[in-house]
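Structure, as structure tokens:
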Amino acid sequence: MSRVWFSLALTLALTLTLSAQGAEPVKLWPGKAPGETKDIGPEKYLETKKGQLEVKRLTNVTEPTITIYAPPKDKANGTAVIVAPGGGYNILAIEHEGTDVCEWLNKLGVTAVLLKYRVPRRAMQMPENLAMIQDAQRAVSLVRGMQKELGIDPTRVGMLGFSAGGNLTAWACLTKKRMYDKIDKTDEVFSHEPNFGILVYPGGIIDKEGKLKPEFVVKQDSPPMFFAHSSDDGVSSENSVALYMALKKVKVPVEMHLYASGGHGYGMRKIPHPCASWPDRAGDWMKARGLLDKPKSPVGEDKK
């Protein structure tokens, strides 16, 4: 498909998406995603095993997409957040760390974008989550390129991720290099770096010694971040602490909430632990940063 026809198809898909409140996904890539050469089988939901929580687990994703959840027009504030579900880079917890999160963001007036990134990990890639990073970077650029249709401010495009999705959010926020060759004008014009990040019980941030992994390079111009983690999480809260401390050291605005209990993977579930209040704290943080304010000037202009 030519780039012109892809742009037309994208516009049509976006129109359908907005009118259906997130029912129609938009493909991230005009053809096959970068590096996709092997057939891993059809996309499917895994059955819940004995002893597991009832969670929608999506796997075998080879055609990554974004799905737009538009807030009510009278509440829309021009901020957009790309939501990355967790799942250990093997599956996507697509509901309680995905669609439910998008619905919550809509209540805040935020345009939510559900990212269905590729899983499971592809063999022989470096880094091992390269496919996922590419999808996240493409999603950020693509959302900025849709600013007029979505009515968003391209300087207020953030990312929110859980567990592996939190790891992916860290990669997206802290990686200056685009991890794939630019394919169209969207990549040429619009940055792939989020303006802020919300990381909920992220993993894979620290090494075996508890130190920040070298791939996460924190600088003074790194985006502001918010962290939520439980101390009894099997995915150690030191992952959040290490990145928080690195950001704080270079004076990047950062906020962290550590809870005594709650474990891992609760997402938007109303569990009987204080950690279930993390959405309220994240909302407070976004409000304090002006991300929930109505725009002072018309949004949707061509700004990076």
Give me the residue from segment 163-217 that is under 12 Å from the mean Cα position of the chain (by Cα) and among the hydroxyl-bearing types (Ser, Thr, Tyr) and, out of that set, nearest to GLY86 (Cα to Cα). SER163
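Filter segment 133-169 down to residues that are among the small types (Gly, Ala, Ser) and touching a strand residue (DSSP E or B) at 6+ places or on another chain (Cβ under 7 Å) and give me whichever is surrounded by the most Cβ atoms within 10 Å (Cβ to Cβ).
From segment 133-169, those among the small types (Gly, Ala, Ser) are 136, 139, 141, 145, 151, 158, 161, 163-166; that's our starting set.
Among the residues that remain, those that are also touching a strand residue (DSSP E or B) at 6+ places or on another chain (Cβ under 7 Å) are: 136, 139, 158, 161, 165-166.
On the way: ALA136: 28, ALA139: 27, GLY158: 28, GLY161: 30, GLY165: 33, GLY166: 31.
My answer is GLY165.
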Test LEU212 against the stated conditions and say whether it is surrounded by 21 or more Cβ atoms within 10 Å (Cβ to Cβ), closer than 28 Å to LYS177 by Cα and not hydroxyl-bearing (Ser, Thr, Tyr). no
Would you be able to tell me the number of residues in segment 232-288 that are in a loop (DSSP other than H, G, I, E, B), of a type in the set (Asp, Glu) and either surrounded by 19 or more Cβ atoms within 10 Å (Cβ to Cβ) or free of Cβ contacts under 8 Å to residues at least 12 places away in the same chain (or both)? 1
Hey, can you tell me all the residues within segment 109-132 that are part of a helix (DSSP H, G or I), surrounded by 23 or more Cβ atoms within 10 Å (Cβ to Cβ) and not small (Gly, Ala, Ser)? MET132
Unmet criterion (only one of (1) touching a Lys or Arg at 6+ places or on another chain (Cβ under 9 Å); (2) among the hydrophobic types (A, V, I, L, M, F, W, C); (3) modelled with pLDDT of 95 or more) for TRP104: (1)
Check LEU58 against each of (1) surrounded by fewer than 22 Cβ atoms within 10 Å (Cβ to Cβ); (2) modelled with pLDDT of 95 or more; (3) not in a strand (DSSP E or B) and name the one condition it does not meet. (3)
Could you please find all residues in segment 61-87 being in contact with a Gly (Cβ under 8 Å, 6 or more places away or on another chain), outside any loop (DSSP other than H, G, I, E, B) and of a type in the set (A, V, I, L, M)? ILE68, ALA80, VAL81, ILE82, VAL83, ALA84
Report whether or not ILE183 is in a loop (DSSP other than H, G, I, E, B), within 21 Å of MET286 (Cβ to Cβ) and either β-branched (Val, Ile, Thr) or touching a strand residue (DSSP E or B) at 6+ places or on another chain (Cβ under 7 Å) (or both). no
Of the residues ALA84, ALA76, only one is of a type outside the set (S, T, N, Q), modelled with pLDDT of 95 or more and crowded, with 23+ Cβ neighbours inside 10 Å; which? ALA84
Hey, can you tell me all the residues within segment 75-85 that are under 15 Å from the mean Cα position of the chain (by Cα) and either over 17 Å from GLN137 (Cα atoms) or without any contact (Cβ under 8 Å) to a residue 60 or more places away in the chain (or both)? THR79
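The values are calculated or read from the model by the stated rules, or taken from the named source; none is laboratory data. In this text, all values refer to a predicted model and were calculated from it rather than measured experimentally. All Cβ positions, even for glycine, are placed from backbone atoms using ideal geometry, and neighbour counts span all protein chains on display.
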